[in-house]
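Working notes, structure below.
The values are calculated or read from the model by the stated rules, or taken from the named source; none is laboratory data. Note that the structure is predicted; figures quoted are calculated from it, not measured. Note: ideal-geometry Cβ built from the backbone for every residue, glycine included; neighbour counts use all protein chains shown. For accessibility, only protein heavy atoms count, side chains too; no ligands or nucleic acids. Shrake-Rupley method; radii C 1.70, N 1.55, O 1.52, S 1.80 Å.
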Protein chains: 2
Amino acid sequence: MKKVYLDNAASTPILPEVKEAMLPFLGEVFGNPQSLHDWGDQARMAVDEAREKVAGLIGAEAEDIIFTSGGTESNNLAVKGLALARQGQGKHVVVSAIEHFSVLHSARTLEKWGFEITEVPVDKNGAVNPEDVKKSIRKDTALVSIMHANGEIGTIQPIKEIAAITKELKIPFHTDAVATAGTIPVNVNDLGVDALSLAGSQFYGPKGAGALWVRKGVRIMPLLDGGIQEGGRRGGTENVPGIVGLGKAAEIAREQMSKRISTLTPLRDMLLKELPSRIPHIVVTGHLHNRLPGLASFCVEFIEGEAMLMLLNSKGIAVSSGSACTSKALKASHVLLAIRLSHEIAQGSVLFTLGLDNTKEDIEYVLEMMPPIVERLRQMSPLYAKYVKTSQGGK
Amino acid sequence: MKKVYLDNAASTPILPEVKEAMLPFLGEVFGNPQSLHDWGDQARMAVDEAREKVAGLIGAEAEDIIFTSGGTESNNLAVKGLALARQGQGKHVVVSAIEHFSVLHSARTLEKWGFEITEVPVDKNGAVNPEDVKKSIRKDTALVSIMHANGEIGTIQPIKEIAAITKELKIPFHTDAVATAGTIPVNVNDLGVDALSLAGSQFYGPKGAGALWVRKGVRIMPLLDGGIQEGGRRGGTENVPGIVGLGKAAEIAREQMSKRISTLTPLRDMLLKELPSRIPHIVVTGHLHNRLPGLASFCVEFIEGEAMLMLLNSKGIAVSSGSACTSKALKASHVLLAIRLSHEIAQGSVLFTLGLDNTKEDIEYVLEMMPPIVERLRQMSPLYAKYVKTSQGGK
């Protein structure tokens, strides 16, 4: 059977060059980067080199990169660490309604610790209005955290415009760039943010490796207390193979980014255009153009996303119905509810995230397989039966 | 030049079998364990299998294992997570004076959040007296955290006796078993603890992978908020290759443990016996017998540990002068000060941690190389000159 992997938002494969770069650090180069001998020096040099490469991907300085275990840790460190470091000035945090749970749930934890949280809404395309951010900022605001792009609907946010506001008001601004760093151009100075999260498993690097960039001079409280690693901002023995893989993936992403974008975008647009023409009652979620190059997201009315996933899987097609982090929770996505979709429609969410391995044939295969699956599921749906009856009755 | 690595406490090499087990997960098996399709299933099954193996190493049930990014995260999650979950009952935490910084500094963070910390002292061998723990427990004690063995001086603590006390008083008891799990027998039920930390890079597994075991029914607050991974107790995409490597290392450690102990112990004892007979003014630190099988630790008077490290490194020998996590801080170890060594003597700390690759020839090489290095350093030491003058004057 044909195999088509279209769930790169959940995890990308690791590039062979990235694996190659990691292998020595699973073998002969096993020292602890903090050790004062040759074994330690070798490991430390590799970590330093990776730090340069990750910094290079986002136009930053190496010393401002904090390596973490991935996007979730980066976001937890950013939201909790930046807010706690500034709690003397105030205990109010602004986030958007469609942040990843690693940001939203970190904000909930801050609430338990006496912070107040303001959730800025999004429009029906999933875009934050910078004016709404401006209005939500108070005298006691310690942090603003708005994602660069949403991994479920792909909408890219006006980060630069928001940063102009936070800069004027002197509020630290963190952006979760897990869905964008390594995928579209991300430059911390162009964006004007003060902190930025990224994760290796989103751009053909390894799982278990991510980073938080924090602008020089911005104070942050560590989340993992311990040794003096990462300038005292993140304790714990460095995951050397993971960090080296992250560095290599960052280097390659930087080199190949424009080529990747120009390959993925037309494939994405094929899905965005063709699926609605072949399947009735389907809506594209997120902004139609201002979206991630490899992300095509839909809600299919009168079906359950999970059932569709299973049937697509039985045809060799891997997709998701939202964030992998919540896939088994089987709840309507907070993102889809925030763009004003009903619970009913949000249930039919299906998310295609394309990767470097995908071809036009893959997309054609999906376009062929999906309509009969949707039809079959609708035949079993009481809601669809009711809809058909009502609309016929209305004739 | 001969190469002798004796810094296994900083990081062990990865066993070839462990690397082999990890390779597919850096290649064709790249799914996210949370994804609802074949790619996700494959990754999830591998994580489940690793969970069984890690649980097997410590006599636990798989579902009570929380995978983390390593020992530091495990300790942070334990100390902060267990204390915060019980803060309604009281805000007092008991630790020993010689805990790893990931425990001690987590306790400091709790202090900032309104907790009170009691540091139980140790005797001159580095052992905690269970009676001291008993005396330190108050009505508002939320957590006791005492390490299983210290990675700098090797002393193994009377965990079972302490657990008998905490059990009677119904206080959750965490032990940092990073230095022992995979090295000496560790069984959570024999020990009687409620939570236990371990790390892969201590027993020939990968860096970036560790675990916290938490007894069923003991409440813990997550440190990394986010998705529903690890039963909602630790968000973040699972580091599948790291977890698989940790599982494999745990499986092998369990099988080979007694053989490893019987190989390492005589080599360690060679160092403990021979170095003091060849070098004057040297003291063994930690308990002479009740210590980790591969750990030989000393303080050499009238020299600086770091200078000794450099010269040993120039002879191809890798050792440490304490915890790798603090090696570059160049401060006298809190562990050595806690066993009542003077700052002066503590400066001359040297720590040999043996591993599977070490041979009798390695130890003989060290025994040959070290005395002239110590002699050379002492000839440059004003303190030694003063000592010689004083002792001659006293004749």
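Values as computed for the structure displayed
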item	result
Spin-label zone in the stretch B:5-38 - amide nitrogen under 17 Å from a point set 7 Å from the Cα of B:ALA62 along the C-beta vector	B:33-35
Solvent-accessible area, 1.4 Å probe, carbon plus sulfur percent, for the protein assembly as shown	53
Normalised convex hull volume, the stretch B:1-105, alpha-carbon set, Å³ per residue	181
Ascending list, in nanometres, of distances separating the B:ARG138 label from those of the other copies (7 Å, Cα toward Cβ)	3.3
Candidate lysines - alpha carbon under 22 Å from B:LYS386, same-chain residues fewer than 8 apart omitted	B:LYS395
Cβ neighbours within 10 Å from other chains - mean over A:7-13	6
Whole-number D in µm² s⁻¹ for the stretch B:46-134, Kirkwood Cα-pair radius fed into Stokes-Einstein, 37 °C, 0.692 mPa s	221
Beta carbon of chain B nearest to the axis of the rotation taking B to A, residue and angstrom distance	B:SER69, 2
The stretch A:16-253 - share of DSSP beta bridges that are antiparallel (%, nearest 5)	40
Cα-centred dipole magnitude for the protein assembly as shown, charges only on beta-carbon of K, R (+1) and D, E (-1), debye, nearest 20	1480
Order by protection proxy (mean Cβ within 10 Å, highest first), peptides A:69-75, A:50-56	A:69-75, A:50-56
Average silhouette area of the protein assembly as shown, convex hull of alpha-carbon atoms, in square nanometres	35.7
Reachable aspartates and glutamates, given that their alpha-carbon falls under 18 Å from the alpha-carbon of B:LYS2 and they are not under 8 places away in the same chain	A:GLU28, A:ASP38, A:ASP41, B:ASP357, B:GLU361, B:ASP362, B:GLU364, B:GLU368
Residues of type lysines that A:LYS134 reaches as a straight line, Cα spacing below 28 Å, ignoring anything fewer than 8 places off in the same chain	A:LYS80, A:LYS91, A:LYS112, A:LYS124, A:LYS160, A:LYS167, A:LYS170, A:LYS216
Selected from A:VAL214, A:HIS100, A:GLY88, residue furthest toward positive end of dipole (the stretch A:16-253; charges at beta carbon)	A:GLY88
Partner chain coverage, peptide B:197-207 - average Cβ within 10 angstrom	3
Average partner coverage of B:68-77, which counts Cβ from other chains inside 10 Å	6
Rounded to 5, the percent of DSSP beta bridges in the stretch B:60-175 classed as antiparallel	10
Part-to-part distance (alpha-carbon centres) for the stretch B:194-241 and the stretch A:78-101, which is given in Å	25
Euclidean distance of C-alpha centroids, the stretch A:14-30 and the stretch A:118-136, integer Å	43
Value of [θ]222 nm, deg cm²/dmol, for the protein assembly as shown, DSSP H segments ≥ 4, -39500 (n - 2.57) each, nearest 500	-13500 deg cm²/dmol
Relative packing of peptides B:361-371, A:359-369, A:24-34, A:171-181 - highest average C-beta neighbours within 10 Å first	A:171-181, A:24-34, B:361-371, A:359-369
Distance histogram in 5 Å bins (all Cα pairs of the stretch A:73-177, percent per bin)	2, 14, 28, 26, 20, 8, 2, 0
Between the stretch B:349-395 and the stretch A:373-390, the Cα center-to-center distance that results, in Å	83
The stretch B:64-111 - convex hull of alpha carbons, volume per residue in Å³	83
DSSP bridge pairs, the protein assembly as shown: antiparallel proportion in percent, nearest 5	55
Relative packing of A:147-159, B:104-116, which averages over residues the other C-beta atoms within 10 Å, highest first	A:147-159, B:104-116
Summed buried accessible area for A+B [probe radius 1.4 Å, Å², rounded to 100]	5800
Label distances, nm, B:ASP48 versus same residue in remaining copies, Cβ-directed 7 Å point	4.6
Cubic angstrom per residue, convex hull over Cα atoms of chain B	143
Chain B - accessible surface per residue (Å², probe 1.4 Å)	37
